[in-house]
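Q: Structure below; questions to follow.
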Amino acid sequence: MQWHSWINGEWTKTEGKPDTVVNPATGEVVAEYTAAGLFEVEQAVAAAKSAFYKGQWSRLSLSERAARLYKLADLMEMHQKELIRWECLQSGKPIKLVTYSDFPFAIDNLRFFAGISRVLEGQATQEYNGLHTSWIRREPVGVVAAIAPWNYPLMMAIWKIAPALAAGNTVILKPASITPLTALMLGPLASEAGIPEGVLNILVGPGALVGDALVRHPDVAMISLTGDTHTGRSIMQAASSRVKRLHLELGGKAPAIVWDDISLDNAAQGIAVASLVNTGQDCTAATRVYVHHSRYHSFLEKLQEIFNEVRLGNPLDFKTDLGPVISRSQYDKVRGYINQARTQGAQVFSCGRRAPDCERGYFIDPTILTNVEQNWSCVQEEIFGPVIVVMPFENDEEALVLANDVDYGLAASVWTNNLQRALDMSKKLEFGEVWLNDHLPLTSEMPHGGIKQSGFGHDLSHYALEEYTTIKHVMADLSDDKIKPWHFTILGDVPST
Ligand code: NAD
C-alpha cells in the first residue's frame, strides 16, 4: 500500500518523490509513501485557510467542537491495535511503552483539551476606567503548522493538534518523514469524527522543504515545533520576516542530582527508568547523574545491576524493555558519542541482555559513562540514546552549578529527603520542570516546557490551550457622550477646574 498526504479531507495522490518507512528493529521497509512537495503545501494551506474562514470549526459551539474531539479519541481507541502496531513498526518503540504509556496518555490529552476548551477564561470583565466596560476575547490564531518529531510520533501529534483544534484553529500537521504513519492515520479518523474537511491536514515530507515552506507561508499564522534546538533556530529565522507566532519545544539534557540522605535503591531504579525511557530518545530523559561523592560508588554499582537486567529485543514483544534507536544515522551518532568519550578517557560500561533477533536492527546497549569531564560533549550535548553519564559532586553549591551548566533547560530531578534542600534546589535549578524523588511523570493538567535553549511555550495544561489563541481586548463606551472627558488632550482647551 502506498501512503499519501491527507489534504482537505482526502488522500492526495501526489506526484512527489516516493519514500519509505524503515523498521529500525530490522532495517526492513514497512511502508512506502509519496512525499509532499511545494504544490501540496499550497493545497494544504489553501484548504486550512478556507476551512478557517468558513467557520465550520472555529465558530462551532464549544460543546459540539468538544464532542467531535471526544469522538476522535473514541475512534482512536477503536483502532488502538493498528495504531499501536504501526507506531512500533515505524519507530522501534517497545510495545509495552506504547500500549501502557504513549497511547493512553495521548487519548487522555485529547480528552483533556476537548473538555477544558469549554472553560477557557479571560480576565474579569470590569469598568476599569469608570467609562468603558472591558473584556477579553480569546480567539483562534488561524492556520497553525504543527511540526512534530520522530521520538513519540503519535503522542507528539496529539500534543500539538489537540490544543490547536480545541481552540478553534485549523491545522497542518507535518510529522517527521521517517515516522509519518500513525499521524496520517488520524486523517480519516478525524473526518469520521465529524471534523470538517480542511480543518486537519497532514503533510508528509522533508522538513527542509515541506516544513520550511509551511514556516514561510504567508497564510500560516503560527508554527508549533517539537524538535531539535538547531531546527528551532532555523525556524525562528525563517519565521522572523513575517513575525510569526512560535511555540518551540526543543532539546534537553536533564540532570538528576542524588544526595547522601536518600535510598540509593529508589534513586538508582528511578534514574535507570528515566534514562532508558524510549531507548533514551526522550527530551526529558535523565542523562546526567550527579551523585554525592560519599555514595558515588554504591550508586554506580546499583545502576549497573539494573542496566545489566535490561532486555533488548523485538519491540513487538511485551517482554522487551529496550528497542533500537530510530535509524542508522542515529545509531552512528550515539556510537560516535560513546567512542569519543572512550577516546577522551571515559570508562564505558556496556550493559543489557540482547535477544538473538537484535542482530539486524539499530540496537545500542544501555551504556554508563564515568570518569567524564563536565565540558565534554557527552555531558553537554543531547545524545538521544540509552547512554547516561555519572559524576560525583562534593556539596550543594557544586551540584547546582554542574546541573545548571548546560545550554538546555527542560527538565531536572532532585533526589533527597531533606525538605529544605529539595525546596531550595527546585527554586534554583534553571529548568522548566523539576521532579523531587522521581523523574519523568507528566500529566495533562500541568504544563511541560523548557527555558534557555530548550525553547519556549508549553505543551499540556491550559497554558498550551492559551498559546493557540490570541488575546483581544474589547472596550465598550458606556456614556454615549459626544465629547469625552479626555478629548481635550487632543482637541480643545484644558478645562478649568
Ligand atoms: P528535528 O528537529 O530533526 O525534526 C523535528 C521536525 O522538524 C520534523 O518533522 C522535521 O521534518 C522538521 N524540520 C526539520 N528541519 C526543518 C526546517 N528547517 N523547517 C521546518 N521543519 C523542519 O527533531 P527530531 O530529530 O525529529 O526529534 C528529536 C528532537 O526533538 C530532540 O532534540 C528532542 O529533544 C526534541 N524533542 C523535544 C520535546 C519537548 O517537549 N521539548 C519532545 C520531544 C522531542
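Q: On C-alpha positions alone, give me the angle between the axis of helix 328-344 and the longest principal axis of the chain, in degrees, nearest 10.
A: Helix 328-344 and the main axis of the chain meet at about 60 degrees.
Q: Computing the accessible area with a 1.4 Å probe over protein heavy atoms, can you report the carbon and sulfur percentage for the chain?
A: Here carbon and sulfur together make up 51 percent of the probe-accessible area.
Q: Per residue, what volume in Å³ does the convex hull of the Cα atoms of segment 348-497 enclose?
A: 295 Å³
Q: How do the peptides 332-338, 246-252 rank, highest first, by the average count of neighbouring beta carbon atoms within 10 Å per residue?
A: On the way: 332-338: 16.9, 246-252: 24.7.
Highest-to-lowest ranking by the protection proxy: 246-252, 332-338.
Q: Here's something else I'd like to know. When you count, for each residue, the other Cβ atoms within 10 Å and take the mean per peptide, how do 462-471, 55-64 rank with the highest first?
A: Highest mean packing first, the order is 462-471, 55-64.
Q: Continuing with this model, one more query. Quick check: convex hull of the Cα atoms in the chain, volume per residue, rounded to a whole Å³? It would help to have the intermediate numbers written out before the result.
A: On the way: hull volume 88.9 nm³, N = 497.
Output value, Cα hull per residue: 179 Å³.
Q: Positive end of the dipole of segment 103-162, charges at C-beta (+1 Lys, Arg; -1 Asp, Glu), about the Cα centre: which of Met156, Val141, Thr125 has its Cα farthest in that direction?
A: Met156
Q: Please get the size of the charge dipole for segment 81-142, origin at its Cα centre, with Cβ charges of +1 on Lys and Arg and -1 on Asp and Glu, quoted in debye to the nearest 20.
A: 280 debye
Q: Accessible area per residue of the chain at 1.4 Å probe, in Å²?
A: About 43 Å² of surface per residue is accessible.
Q: Now, a different point. Ranked highest first by average number of other Cβ atoms within 10 Å, how do 110-118, 322-330, 262-270, 280-288 line up?
A: 280-288, 322-330, 110-118, 262-270
Q: Please list, in chain and number order, the residues 5+ apart from Ile451 or on another chain whose amide H is under 5 Å from its amide H, with Hs placed from the backbone.
A: Correct list: Gly409, Leu410, Gly432.
Q: Extension gain Ala476-Asp405, at 0.36 nm per residue separation less the Cα-Cα distance, in nm?
A: 20.5 nm
Q: Give the total of Lys-Lys pairs in segment 338-492 with Cα-Cα distances below 30 Å; include a pair only if its members are 8 or more places apart or on different chains.
A: So the count of such lysine pairs works out to 5.
Q: Treat every Asp and Glu Cβ in the chain as -1 and every Lys and Arg Cβ as +1, leave all other atoms uncharged, and give the resulting dipole magnitude about the Cα centre to the nearest 20 debye.
A: On the way: 43 positive and 57 negative charges, 196 e Å.
Dipole magnitude for the chain comes out near 940 debye.
The values are calculated or read from the model by the stated rules, or taken from the named source; none is laboratory data. None of the values given here were measured: they were computed from a predicted structure. Positions of Cβ are backbone-derived with ideal geometry, glycine not excepted, and every protein chain shown enters the neighbour counts. Quick note on the areas: whole protein, heavy atoms, side chains included, nothing else; ligands and nucleic acids left out. Shrake-Rupley method; radii C 1.70, N 1.55, O 1.52, S 1.80 Å.
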